[in-house]
Each structure stands twice: as C-alpha cells, then as structure tokens.
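The values are calculated or read from the model by the stated rules, or taken from the named source; none is laboratory data. Keep in mind the model is a prediction, meaning the values are calculated, not measured. Positions of Cβ are generated from backbone atoms using ideal geometry, with glycine treated the same way; all protein chains shown enter the neighbour counts.
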Amino acid sequence: MKWLALMLVFGLVAAACGSSSETTEAPADTEAPAATEAPAATEAPAATEAPTDTEAMMDIATDFGVDLDAGVIRVGMLSDLTGPFGPLVSAILAGTQAYWDGVNAAGGVNGLQVELVVRDTVYVIDNHIAFYEEIKDDVVALGHSTGSPHTVAINPQLQADGMLAIPLTWYSGWSDPAINANLLSHGTPYCVEAHNTLGYITTEALPDSTTIAIASVPGDYGQDSAQGAKLAAEAAGLEVVYDGEGAIIPTDETTLTAVADGIVDSGADIVWVATTPSTMSSIYGQALAQGFEAVWSGPSPSFSPAFVAPDSAIKDAFTRDFIGGTYTSLWSDDATSALGEQLAEAGLPPSDYYFEGVVEAQIMHAALLKAYENGDMTRAGVLAAGKSLDNVDFGGIAPSEAYAGDAADRLQRQGTVYKPDPDGLAAGTSGGTVSLATNYTSDLAANFDFTGACYTLGG
Amino acid sequence: MRGRPNLFTSYESDQAMLNTTTKKVILFTLLAFLVLLPFTGGGGPGNVRLFDWTIPGFGWLAAESWLQLMGTVCIFGIAALGLNLLTGLAGQVSLGHAFFMGIGAYTAAWLGAAEGPLLGMGMPIWIWLPAAGLVAAGVGVLVGPTAVRVRGLYLAIVTLGLVFIGEYFFRNWRTLTGGSQAGRDFPRLQVRFWKEEAALIDTTADGSWLTTNGKGFLFLLFLLVVFALLAKNIQRTRTGRAFQAIRDRDVAAEIMGVNEFRYKLLAFGLSSFYAGVAGALLAAYFGRTIPERWDLFLSVQLIAILLIGGAGTTSGAILGSAFVIMLPRFVQNGTEWLKGQIAEGGIIATIADPIIATSNTDFGLINTLPGTGPGLSVLQLNQVLYGLLIILFLIFEPFGLYGIWLRIRNYWKGWPFTY
C-alpha cells in the first residue's frame with residue numbers, strides 16, 4: 001500500500017509543478033498551421049506597417065495583458081467548446097485563431113503578436129465566472145464571452161475592471177446602454193433577425209402565406225427569437241396558429257414530440273423554430289413523418305450542415321423546406337473566398353461558422369489598433385478605443401458596425417438569408433449553405449420599431 | 001497523562017474532538033495559514049492587500065482566482081458535510097442533494113434578492129441564509145419517510161427522481177427562478193442589519209486590507225468551520241451514534257431501541273439543512289444562476305466528493321471537496337505547462353507530445369487547441385478522472401483520502417517499527 005502514498009506524493013508534486021508555471025505563458029504555438037500568407041485584403045483593419053520603433057512603443061501605457069518587451073498582446077476567450085453549443089463555438093474559435101495566425105505571421109498588431117487565452121466554460125455560469133477571475137489579469141480584453149446569462153453574470157465585474165468584452169450571443173438586450181457599457185455586440189439581434197428572415201419569406205419565398213407556427217427553447221436565445229417572430233407575424237399579418245415559445249426542453253424528449261405534434265396540427269404555412277441542431281432535426285423529422293409540409297425557418301443555431309450531409313435521412317426534404325437566417329456571409333459567397341482559401345490551407349473543412357470568429361477578431365483588431373494609436377493599451381484604454389470605433393468594416397464578410405454614439409441608432413438590421421446546399425457540402429465547395437440574399441434588410445426588419453429587449457433576462 | 005500519547009483515561013478525552021496534540025497542531029496551523037493567506041501577496045497593480053510579502057512556497061495560492069476557487073471549496077465542503085450526515089453516517093444513499101441545494105438557493109433569492117420584476121424581498125443575510133436551510137430541511141423531512149420504506153438502491157432512485165421534479169419546477173416557476181437558460185440574480189454575500197443600510201461586511205467590493213475574493217473566502221471559511229464543528233458534534237452525540245447504528249444494520253438498531261423513523265427523518269432534515277445553506281451560498285457567491293444548475297451532475301459531484309474524501313468522516317468531506325473542486329485547475333495548469341514544454345522541446349516534450357494535441361492535425365489524448373481537432377478537452381478529461389478516481393478509491397481505498405491519511409499517520413506513528 002506504500003505505492004499508493006507514493007503515487008499521491010507524486011501527484012502532489014506534479015500538481016505543484018503545474019501550478020507554479022501558472023504565470024509562465026506558453027509561447028506562441030509554432031506547430032500550429034499558421035497561415036503564412038499575408039492576410040487577405042478582405043481582412044479589413046489589418047495594418048501590417050513597418051516594424052514599430054521602440055521609442056514610440058515606450059510611450060504606450062499598459063497594465064494587464066499587453067507586454068511591450070515580449071511583444072505580446074493577450075486576449076481572453078470564454079468559449080463553450082464541449083457544452084451544448086460546442087461544435088458551433090469550436091468552429092467560431094478556429095476562425096478567430098486562423099485570423100490572428102494570419103495577422104501574427106504578417107507582423108502582428110503594430111509588431112505585437114496576439115495570443116489567445118482560451119477557457120472552455122462548458123456553458124456553465126459558475127465556470128464562466130471562475131475562468132474570468134482566473135484569466136482577467138492576464139488579458140487586456142475578452143475576444144468573446146459565450147452565452148447571454150453568462151455574460152450578464154460577469155458584467156458587473158467587467159464594469160468594475162474596465163474590461164472590454166465581445167458577447168458571443170445576439171441577445172436584443174445588448175442594445176441597452178446600461179448593460180452594454182463594456183460590450184461590443186455585433187450582428188442582427190435574434191429578435192430583429194426573425195423579422196428579417198420572415199420578411200424575406202413572406203415577400204420572396206411564400207407571399208401568399210397566412211399562418212405561422214412558432215416554437216423555441218427557453219431562455220434568452222430561443223425566447224428572444226420567438227418574441228421577434230411573433231412581432232414580425234403581427235406586422236406581416238400572419239396568424240400565429242401554434243405558439244410553442246419556450247416549449248422545447250432539449251433534455252426532455254417528450255417536449256419535442258409535443259411541439260412536433262402541435263406544429264403538424266396547426267397546419268401552418270410557415271414554421272419558425274429557434275432551438276439547437278439536435279432538437280431541430282428531431283422535431284422536423286417527426287413532423288415530416290406525419291406528412292407535414294411547410295416552409296421551415298429559424299436562426300443560425302437551429303441549423304446544422306449535418307442535416308444535409310450525404311448520409312442524412314432528411315437531406316432532400318430539408319433542402320426543399322428550409323430557409324434560414326444568419327449573421328455573416330457564407331463559405332460559398334464570393335466575399336469570403338480569399339479568406340476561405342486561407343482557412344482551407346490551415347486544414348479547416350468548409351464551414352460558415354468561422355466567419356463569426358473572424359468578425360469578432362476583426363472588431364478586437366480594430367479596437368487594439370485604435371488603442372495603440374491613442375497610446376493607451378491599458379484595459380480602460382482598449383475599452384475606450386473600442387467604444388469610439390465609428391466604423392468597423394468587415395470587407396463584405398458581415399455588415400459593418402459602429403460603436404460610437406447612441407446604442408439605439410446603430411441597431412444592426414442586415415443579415416444573410418440562405419438555403420441548404422447538400423451538393424456544395426458533398427463537393428466541399430460550401431458549408432452546406434448557399435445564400436439567397438446577402439447584406440439583406442427586409443421591409444419588415446427595416447420598419448420594425450425597436451424600443452428595447454424583446455425578451456428580458458430575469459433581474 | 002503527559003508523554004503518553006493515545007492513552008485516554010476518560011471517556012470525555014477519548015471522544016474529544018481533537019484528542020491528540022498532533023491533531024490540534026495540524027488543525028490550528030492549517031487554519032492560521034488559511035486565515036493569513038488572503039492578507040498576503042499584495043504589491044501588484046491596484047492591490048489592496050495588507051501585506052506585500054507572501055507565504056514561502058504558497059504565493060501562488062494567494063492569487064485572486066485561487067482564493068475564489070477555495071471559496072467554492074468551502075461551499076462544497078458545507079454541502080458535502082450535509083451529505084455525509086445522511087449518506088456517510090446514517091447510510092442513506094441520496095442523489096437528491098442538488099434538489100435541496102436548489103430549494104435553499106431559491107428560498108434565499110425570494111427572501112434576499114432585491115425587489116424587481118422577479119420575486120424578491122430584499123431581506124438581509126441573517127434572515128435568508130438560515131431560512132434557506134430551514135425551508136430545505138422542511139422539504140427534507142417531508143421526503144424522509146420514504147427512506148423508512150425503501151433503502152439502498154431504491155432510495156437512490158427515489159431521491160434521483162427529486163432532482164428531476166425539482167428541475168421541472170425550477171424551470172417553469174419563472175417569477176421565482178427567471179426561467180430555463182435565463183436565470184436570475186441572487187442576493188450577494190453582504191452582512192447588514194436591515195434592508196437598505198450600508199453593508200457591515202461586503203464581499204462584493206475590495207476593502208482596505210482584503211480583496212473581494214479574500215473577503216469572500218474568509219467569510220465562507222468561517223461558515224465552513226462553524227458547520228464542520230456542528231457536524232463533528234452531531235457525530236459524537238447520541239444522535240450520531242444512532243445514525244451509525246442504522247447505517248450498520250437498521251433492523252439491529254431498531255431492536256436496540258433506536259427509533260428508526262425518527263432518526264431517518266432527522267438525518268434527512270439535518271442533511272437538507274446543510275444542503276439548503278450551501279445552495280444559497282453557492283448562488284449568492286456567483287451572483288447569478290440558471291435553474292439547470294441544480295442538476296444530477298451536481299449530486300454526482302457531491303457523491304464523488306464523499307467517496308474520494310472518505311465517507312463518514314468530517315475531514316474526509318472537506319478534503320474531498322478541496323480535491324474535487326481544485327482538480328480541474330491543476331489538470332489545466334499541468335496541461336498548459338506541458339504544452340509550453342512541447343514548444344520548447346527537450347525530454348519532457350518527447351514524453352508529453354503523444355499525450356497532448358497542439359494542433360488540429362496532431363494526435364493527442366488531451367486537446368489544448370480550440371477547434372475541430374481530436375482528443376479530450378481539459379474539462380472532459382476531468383470528468384473521466386472523476387469516474388476513474390471513484391472506481392480506484394472504491395477498490396483500493398474505501399476510506400478515501402482520509403484513509404490514505406490514516407495510513408500515512410499510522411506509518412509514522414509506529415516508525416521505525418512499522419510492522
């Protein structure tokens with residue numbers, strides 16, 4: 001039994017070694033398949049100027065996460081890599097990493113290399129808070145913070161620390177100036193997105209539709225989207241014949257059957273479902289099995305390219321029925337082709353989700369450049385710089401964003417409307433989607449009188 | 001009897017909580033160390049700590065994130081102490097601990113959270129914290145009678161059901177819980193006399209000697225010590241012995257005159273009280289929680305704490321919490337250290353290379369790279385480790401970490417005559 005004690009001692013020693021290296025950051029990963037090319041022209045705010053002179057650098061104020069001597073900027077990422085949105089966020093993060101690899105290979109941000117400090121929160125709020133606490137003094141800003149309740153949970157701390165964060169959620173409540181003091185939200189909020197996509201369907205795809213069925217998961221994402229769909233239905237004169245807002249419980253199979261039955265019984269022309277990919281395929285499959293036919297639609301997280309993969313049972317029917325909305329251009333769009341080549345070279349398979357990561361990285365890039373220009377790369381400096389950006393252009397990957405000025409004025413209403421593309425997916429030329437309209441704003445979305453969050457997160 | 005260790009001449013000294021000098025020395029050194037820790041390690045930018053020096057060898061432990069982690073350990077310690085009363089002492093296997101923690105958390109929210117769109121009365125902590133325990137205990141007493149009828153695996157299934165019933169209620173009672181995946185704010189750990197007064201103790205803002213996390217940790221450490229003393233004392237009383245008699249053989253216990261119904265009810269009540277308090281503290285410590293927080297995984301985590309720490313012992317419950325809660329951080333830091341070694345090259349790199357994937361084309365057991373590559377993430381690895389550790393401890397060391405400590409202690413006690 002002595003060996004057990006020995007093992008314990010060995011374990012403790014090993015653990016102590018691990019922890020003492022806490023502050024020793026791993027150097028930039030040389031094995032990573034860094035894109036050796038200069039960033040493509042589409043990567044908008046890339047500034048690959050001549051190496052900076054040390055004189056100018058010394059004038060720059062820094063506190064956390066920026067080390068001018070080592071030439072490093074550290075950016076934190078609170079990601080859900082193994083939780084419910086794991087596959088999605090992993091791809092987003094891969095896009096972010098590929099973008100920074102490109103920037104770093106081309107000389108970095110004015111000579112400073114950007115390193116990501118990634119933590120997997122598994123979409124658990126406690127982890128989110130604990131990891132924030134762990135990395136906050138190592139990073140200058142958060143490149144993304146996954147999940148609305150999670151981001152709300154660290155928000156007081158963000159404000160106390162003067163830390164900038166990019167929320168990886170499209171909750172419509174981010175428009176509230178009291179909430180977004182430290183946040184750079186981007187893309188069309190779920191609620192407006194529902195207006196946009198349904199606007200496209202009611203004018204372009206199915207103009208004679210009269211009824212709609214709505215179903216969603218509970219929480220900020222599902223219910224914000226469902227509320228948007230209801231408002232849009234009212235504005236478009238659609239009758240809501242089935243209301244399953246918050247009725248889909250991913251862990252409870254019976255709710256999926258109930259929702260599918262409700263949709264079928266309603267006989268709706270249009271079905272709006274805001275849920276997770278696995279539950280979407282189950283609900284759609286059950287409705288299809290009952291011979292139900294309609295135009296199905298939903299926000300980006302409802303769709304997965306796996307639905308139209310060559311071995312998918314619902315491939316043909318889903319391709320026929322589905323029209324989706326998303327925030328960025330697609331892999332199959334011309335606007336992303338240069339970037340797509342670069343990603344493919346890094347060994348990444350076609351997917352639309354990388355571009356969200358690239359957009360996040362571009363916002364951060366613009367904020368860092370501006371902070372450098374201002375000579376203040378402290379946390380507060382980067383926050384101020386980010387909040388003063390009056391035009392972040394993504395080179396066609398996504399509609400441009402502005403953060404200076406009044407939050408309500410700069411509500412993003414543009415998005416991409418797409419349909420599934422099984423052939424492109426099989427051939428490796430698309431991420432399983434092809435766009436119907438890019439940088440599109442439907443009349444429904446343009447005329448939507450947005451006065452505040454469509455769904456309020458409990459106080 | 002000076003100079004004669006382990007010779008107890010009275011029942012009192014034999015049953016004393018700290019019946020040997022070694023125990024006293026170890027406990028008080030540890031406590032002194034833990035109390036001192038958050039005051040040290042100042043000097044950094046914007047730091048408010050009292051001392052600029054650090055305790056040699058333990059400077060890293062005084063870091064903000066470690067203090068926060070140790071605060072979490074204290075809360076799980078209280079929860080585990082409660083489960084230990086029920087499962088470790090009275091032998092009633094319960095998977096429902098997360099449910100009682102949830103009850104405590106939402107009682108705290110109802111009474112303590114600020115008035116707003118969701119239920120909240122803005123009461124101070126000295127009302128909501130005991131109330132959280134009492135309400136949970138009340139529910140525990142209601143559930144208790146089932147334990148008289150069913151035992152063992154069947155009781156585990158009954159209590160398992162509680163977790164799912166609870167989750168259903170928590171998800172759907174939107175005015176109280178904020179609803180599924182949305183959650184609500186909870187009262188913070190602030191001590192005040194009445195509602196609107198300035199807080200006497202405020203663990204949500206830096207003080208002049210301590211940081212936020214330092215204050216939170218000390219506050220929770222104090223509560224842990226109080227609850228540990230309480231648990232240890234319950235164990236030493238007639239009640240504790242009755243629990244153990246029921247655990248060892250309930251029929252025999254009843255024949256000896258132990259009122260099985262009464263004591264099983266009491267065990268459930270006491271354990272739920274601990275759970276309620278721990279749940280309220282957990283929610284208050286992090287400030288925001290969704291109804292899905294009180295799920296089966298939390299119950300399993302607590303069972304793991306007991307089994308790894310050593311069921312039936314007070315120190316085992318606390319040791320287990322420290323181990324289970326801090327393990328992920330150690331694993332993560334270890335992985336990052338290895339990743340750094342691989343980048344540098346050398347002998348450790350050769351060993352570590354097959355274990356760790358550093359790019360999405362590199363194979364490795366652990367994947368440190370975000371993206372689509374193969375391998376387990378650090379947190380998935382942790383879940384595997386929990387499972388592995390439970391199995392290993394059950395097979396090789398049923399008394400858990402406490403058992404290992406006993407072995408080490410006994411080895412040195414008899415040294416050099418260890419046979």
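Some notes on this structure:
- Taken together, B:Arg262, B:Arg174 contain a single residue that is surrounded by fewer than 21 Cβ atoms within 10 Å (Cβ to Cβ), modelled with pLDDT of 90 or more and not hydroxyl-bearing (Ser, Thr, Tyr), which is B:Arg262.
- Qualifying residue in segment B:18-37 (condition: of a type in the set (D, E, K, R) and in contact with an Asp or Glu (Cβ under 9 Å, 6 or more places away or on another chain)): no
- Helices (runs of 4 or more DSSP H) fully within segment B:195-308 counting 3 or more residues that are within 19 Å of B:Thr87 (Cβ to Cβ): B:212-236, B:238-248, B:260-286
Okay, residues lined up against (1) under 13 Å from the mean Cα position of the chain (by Cα); (2) crowded, with 22+ Cβ neighbours inside 10 Å:
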residue	(1), (2)
B:Ala252	no, no
B:Leu281	yes, yes
B:Leu296	no, no
B:Val300	yes, no
B:Leu307	yes, yes
B:Ala311	no, yes
B:Thr314	yes, yes
B:Ile318	yes, yes
B:Gln332	no, yes
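- Qualifying residue in segment B:343-354 (condition: touching a strand residue (DSSP E or B) at 6+ places or on another chain (Cβ under 9 Å) and either at pLDDT 75 or above or hydroxyl-bearing (Ser, Thr, Tyr) (or both)): no
- Which numbered condition B:Glu115 misses (of (1) in a loop (DSSP other than H, G, I, E, B); (2) under 22 Å from B:Ala275 (Cβ atoms)): (2)
- Residue selected from segment A:223-257 under the condition under 20 Å from B:Trp173 (Cα atoms) and without any contact (Cβ under 8 Å) to a residue 12 or more places away in the chain, by the criterion farthest from the chain's Cα centre (by Cα): A:Thr254
- When each of B:Leu18, B:Leu7 is tested for being at negative phi, in contact with a Leu (Cβ under 7 Å, 6 or more places away or on another chain), exposed (fewer than 14 other Cβ atoms within 10 Å of the Cβ) and at pLDDT below 85, the lone residue that passes is B:Leu18.
- Options B:Phe217, B:Phe273, B:Phe222: the member that is free of Cβ contacts under 8 Å to residues at least 12 places away in the same chain, closer than 24 Å to B:Ile303 by Cα and either of a type in the set (Phe, Trp, Tyr) or crowded, with 16+ Cβ neighbours inside 10 Å (or both): B:Phe222
- Among the candidates B:Leu306, B:Leu302, B:Leu298, residue that is in contact with a His (Cβ under 7 Å, 6 or more places away or on another chain) and not aromatic (Phe, Trp, Tyr): B:Leu302
- Enumeration of residues in segment B:166-192 that are more than 11 Å from chain A (Cβ to nearest Cβ), part of a helix (DSSP H, G or I) and in contact (Cβ under 8 Å) with a residue 24 or more places away in the chain: B:Gly166, B:Phe170
- Those residues of segment B:103-124 which are surrounded by 22 or more Cβ atoms within 10 Å (Cβ to Cβ) and either over 26 Å from A:Thr456 (Cβ atoms) or away from chain A (no Cβ under 14 Å) (or both), in sequence order: B:Ile103, B:Gly104, B:Thr107, B:Ala108, B:Leu111
- Residue list for segment B:119-132, restricted to those being among the hydrophobic types (A, V, I, L, M, F, W, C) and more than 19 Å from B:Glu196 (Cβ to Cβ): B:Ala131, B:Ala132
- Test: residue in segment A:158-169 that is assigned to a helix (DSSP H, G or I), crowded, with 22+ Cβ neighbours inside 10 Å and within 11 Å of chain B (Cβ to nearest Cβ): no
- Pairing residues of segment B:341-353 that are within 12 Å of chain A (Cβ to nearest Cβ) and of a type in the set (Asp, Glu) with residues that are surrounded by 18 or more Cβ atoms within 10 Å (Cβ to Cβ) and part of a helix (DSSP H, G or I), at Cβ distances under 7 Å and at least 6 apart in sequence or on separate chains, gives B:Asp353/B:Ile342.
- Considering segment B:59-83, and only residues there that are at pLDDT 95 or above and over 18 Å from B:Leu189 (Cβ atoms), the residue that is surrounded by the most Cβ atoms within 10 Å (Cβ to Cβ) turns out to be B:Ala80.
- Scanning segment B:217-264 for residues that are touching a helix residue (DSSP H, G or I) at 6+ places or on another chain (Cβ under 8 Å), among the β-branched types (Val, Ile, Thr) and closer than 30 Å to B:Arg49 by Cβ yields a total of 1.
- Looking only at segment A:258-280, residues that are at pLDDT 90 or above and either under 21 Å from the mean Cα position of the chain (by Cα) or on the phi > 0 side of the Ramachandran plot (or both) come to 7 in all.
- Those residues of segment A:353-404 which are among the charged types (D, E, K, R) and either touching a residue at least 24 places away in the same chain (Cβ under 8 Å) or in contact with a Gly (Cβ under 7 Å, 6 or more places away or on another chain) (or both), in sequence order: A:Glu356, A:Glu360, A:Asp376, A:Arg379, A:Lys387, A:Asp393, A:Glu401
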